[in-house]
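Here's the structure, in structure tokens; my notes come after.
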């Protein structure tokens, strides 16, 4: 071990202690290569949204994709769909599924991996996959934010989740204890329904009662709509969510390109499909993204937003942060190996809304984030193409932009992955 340090290192240490690692590694000259300008952009995406201190990125991104269609049909310049409305049902459905998992694993030992992953660690959290989003929208529809606005517990959800997880752990323990005492499964299910009523009460107190019917007025044409959230979706959005396929670039050992995979236990609404995806090459992923943007279609995507990114400035660029020069050490790491060792993971979902093409090839991408207007360029982030290569994993695309072999792969019986798989981390 060579402990003889260069004479410059103490000065670097002083800089880092005052500025932090990423600020010290920030290469302002590199930012000239990633300006916030793009040759192709999705038009009229609406104003920037803000998930605040909650983990609902997947929900915000999904609703940001849907609202573009609604704005076109309503002929309005801006619209935000209610995240609080979908959050209510997501929390209730996740609670129901959690208790169903308890009933399905009553004889599972307390020290098993399934018990630890599904029962103990399952619980309530804000994250989700595209499959979670589509399950909620199909069952409950959507409504404008003005109809069911944010509350403190929806915008800063940790305390509400603490309460929900306490109740779910309490309920799970009772169901397992009653099973050991000989209570029948039918009676346990009756207990579960009473438990869900308690969860519903907590959610109503925290988020408000979700609307059954509502009236929405928009001044651009002095028109109004009265109906249910599902009727609102059907009339003003109407996208067939079954036409969308989740693509994933996960070049880790054990994953074969062109296959359909699903993650065990990865759902929120009982009876709906598990989170699944088709593994594709980067080239296929990017071509689908470019074709979608050229056709004015925004896309939900997920990535490792913590990797080599500058939140305040809005840069997703592995070259803007020069850790190699700062530490005089190699930081290159194979994407697949990085996944296997959990060094990176798809931990955030955003919306892809633009690309800059040079001779038909992308060199940067326009990203709509849900962290408010005070970061990036008014809430917009710029992503370099090399950062895309390293840290983008999933992309949701209408199948009309995909080659036939990918569509056929999506129809295959999925290869089942365990809940602790490298791609099972919830957004």
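Read-outs: derived from the displayed coordinates by stated rules, not from any lab. Only a predicted model underlies this, so the values are computations on that prediction, with no experimental measurement involved. Positions of Cβ are backbone-derived with ideal geometry, glycine not excepted, and every protein chain shown enters the neighbour counts.
Key figures for this structure:
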quantity	calculated
Protection-proxy order for peptides 167-175, 394-402, 101-109, each taking the mean of Cβ atoms within 10 Å per residue, highest first	394-402, 167-175, 101-109
Listed residues 55, 227, 208, most fluctuating in the chain (Gaussian network, C-alpha, under 10 Å)	227
Alpha-carbon centroid distance for the pair segment 293-316 / segment 363-392, whole angstrom	4 Å
Point-to-point label distance, residue 113-residue 33, nm (Cα→Cβ direction, 7 Å offset)	4.1 nm
Hydrodynamic radius (Kirkwood) for segment 337-427, which is based on Cα pairs only, to one decimal in Å	15.8 Å
Distance (nanometres) between label positions extended 7 Å along Cα→Cβ at residue 399 and residue 330	4.3 nm
Relative contact order (%) - criterion: Cα under 8 Å, at least six apart; region: segment 261-311	22 percent
Computed over segment 115-181, the ratio Rg/Rh where both radii use C-alpha atoms and Rh is Kirkwood	1.07
Value of relative contact order over the chain, rounded to a whole percent, pairs C-alpha under 8 Å and six or more apart	25 percent
Space enclosed by the convex hull of the alpha-carbon atoms of segment 271-312, per residue, Å³	162 Å³
Order of 348, 75 under a 10 Å beta carbon neighbour criterion, fewest first	75, 348
For peptides 228-236, 86-94, sequence by mean Cβ density within 10 Å, most packed first	86-94, 228-236
Those residues of segment 190-229 whose amide nitrogen sits under 17 Å from the label point placed on residue 166, 7 Å along Cα→Cβ	198-207
Relative contact order computed over segment 212-334 (Cα-Cα under 8 Å; 6+ residues apart), in percent	14 percent
For segment 79-236, diffusion coefficient by Stokes-Einstein and Kirkwood Rh (Cα), 20 °C, 1.002 mPa s, µm²/s	125 µm²/s
Computed lengthening from residue 306 to residue 193, 0.36 nm per intervening residue step minus Cα-Cα distance	36.7 nm
Cα point-scatterer Debye curve for the chain, base-10 log of I(q)/I(0) at q = 0.09, 0.12 Å⁻¹	-0.62, -1.06
